[in-house]
Amino acid sequence: MTPLWIALTVSGSVAGVILIAVFLWFSNNSISKTQYVLSFPWVKSRIKIVQVSDLHGKSFGRHNVRLISSVAASKPDVIAITGDIIHRYTQKNIAVALGTASALAAIAPVVYVSGNHEMRNKGYRFLRKGLIDAGVTVLDNSCAEFCGVTFAGLNGACNKNDAVLTLSDDPSCKILLAHMPHHIKNYARAGYPLVLCGHAHGGQWRIPFTKKGVYAPGQGLFPKLISGVHTEQNTMMVVSRSLGNSEFPLRLFNRPELVEVILIPQS
Ligand SMILES: [Fe+2]
């Protein structure tokens, strides 16, 4: 092997490693935005909701500055956090989550529903109180009105029929925040026109140039409810690909996602 050939091989290998490292950083740390415009008869005037899901304690820059500025740039009327803001096994990222929630609450009203990870975290009580102190509305199987629309929130421990039906006893509730998308039939049966979910992390690894993911908890291999808008009866469900990771720390072809849902009156 000639010295020139050795030099070319080494420099090619180094360039390849750098490219892969940049690609992996970009895949896991650059925030993408997806916008959906949905019209409903109960919407009186345009409302922009920015959905933040499954942060799992992740910080995009120091104190989540990149995430917060990205949300602020969207100029939301309401910010909806759809669960798993922390990871179940650690309490150390609660401070990151609370700092982020507090900064988001300075941008627009924040509604929050817990996910399965909060339910298993021993620090959830502390987190819940901190969120309320930060000005976040915690929808713990309850409803609250913002911008003329009532939001309902399903606690991360309750995804069964009973809890959904109890919430829907109030017909003014139009938007359900529920962490898990694979209970779509229950949400539709309960009659919510719009549901915002996360949990599936976009299928974690996505097949390039397709919208197919490899795995999602609760759905198994090659899951279907991992992103986009899905319809079941009269219910539309928006699924965020989410921002962070849980057990498996790597996304492929599946950048972290902020979702903008723009609601407009039906003409
Ligand atoms: Fe999650």
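Since every read-out is calculated from the coordinates, none of them should be taken as a lab result. Note that this is a predicted model, so its numbers are computed, not measured. Neighbour counts are summed over all protein chains in view; Cβ atoms, including those assigned to glycine, are modelled from backbone coordinates with ideal geometry.
Which semi-axis lengths, in whole Å and largest first, follow from the square roots of five times the eigenvalues of the Cα gyration tensor of the chain?
35, 20, 18
I'd like the distance separating the alpha-carbon centroids of segment 168-190 and segment 108-122, in whole Å.
17 Å
I need the per residue convex hull volume for segment 215-267, using only the alpha carbons, in cubic angstrom as a whole number.
Working: hull volume 5.8 nm³, N = 53.
Residue-normalised Cα hull volume stands at 110 Å³.
What is the magnitude of the charge dipole of segment 166-267 about its Cα centre, with +1 placed on the Cβ of each Lys and Arg, -1 on the Cβ of each Asp and Glu, and no other charges, expressed in debye to the nearest 20?
Values: 10 positive and 6 negative charges, 85 e Å.
About 420 debye.
Please list the non-local residues whose amide H lies under 5 Å from the amide H of Phe40, H modeled 1.01 Å from N, same-chain partners needing a gap of 5 or more.
Ile264, Gln266
Residues with amide H under 5 Å of Met236's amide H, sequence separation 5 or more or different chain, H placed in the peptide plane at 1.01 Å from N; which?
Distant-sequence amide H within range of Met236: Leu194, Val195.
Charges only on Cβ, +1 for Lys and Arg, -1 for Asp and Glu: so what's the dipole of the chain about the Cα centre, in debye to the nearest 20?
I would put it at about 440 debye.
Contact order normalised by length for the chain, with contacts defined as Cα pairs under 8 Å and 6 or more residues apart; what percent is it?
26 percent
Given the Cα atoms of segment 115-246, and with Rh set as the inverse mean 1/r over their pairs in the Kirkwood sense, what is Rg to Rh to two decimals?
0.98
Which one of Asn141, Tyr187, Ile49 is farthest out on the positive end of the charge dipole of the chain, using unit charges on Cβ (Lys, Arg +1; Asp, Glu -1) and the Cα centre as origin?
Farthest towards the positive end: Ile49.
When the chain is fully extended, how far beyond the present Cα-Cα distance does Ile264 get from Val37, taking 0.36 nm per residue of separation?
Numbers: separation 227, 0.36 × 227 = 81.72 nm, distance 0.72 nm.
That works out to 81.0 nm of additional length.
Of Lys129/Lys174; Lys33/Lys129; Lys33/Lys185; Lys48/Lys174, which pairs sit farther than 20 Å apart, going by alpha carbon to alpha carbon?
Checking Cα-Cα distances, Lys129/Lys174; Lys33/Lys129; Lys33/Lys185 exceed 20 Å.
Determine which lysines satisfy two conditions relative to Lys122: a Cα distance under 19 Å, and not lying fewer than 8 residues away in the same chain.
Lys58, Lys92
Based solely on its DSSP helices, what 222 nm [θ] is calculated for the chain when runs of n ≥ 4 H residues each add -39,500 (n - 2.57) and the sum is averaged over all residues, nearest 500 deg cm²/dmol?
-8500 deg cm²/dmol
Quick one: check the C-alpha center-to-center distance for segment 128-152 versus segment 203-259, whole angstrom.
25 Å
Rank these for me by crowding, Cys158, Cys197, Cys173, going from fewest to most other beta carbons within 10 Å.
On the way: Cys158 19, Cys197 29, Cys173 23.
Fewest to most other Cβ atoms nearby, the residues stand as Cys158, Cys173, Cys197.
Would you be so kind as to identify which of Ile68, Val37, Phe209 lies farthest towards the positive end of the dipole of the chain, taking Lys and Arg as +1 and Asp and Glu as -1 on Cβ and the Cα centre as origin?
Phe209
Can you list residues from other chains, or at least 5 along the same chain, whose modelled amide H is less than 5 Å from the amide H of Gly115?
Asp84, Ile85, Gly156
In whole Hz, what ³J(HN,Hα) sequence does segment 206-223 give by Karplus (6.51, -1.76, 1.60; θ = phi - 60°), x for Gly and Pro?
Here the 3J(HN,Hα) series is 10, 7, x, 6, 10, 9, 8, x, 8, 8, 9, x, x, 10, x, 6, 6, x Hz.
Can you work out the Karplus-derived ³J(HN,Hα) for every residue in segment 173-180? Use 6.51 cos²θ - 1.76 cosθ + 1.60 with θ = phi - 60°, whole Hz, and x for glycine or proline.
6, 10, 10, 9, 9, 9, 4, 9
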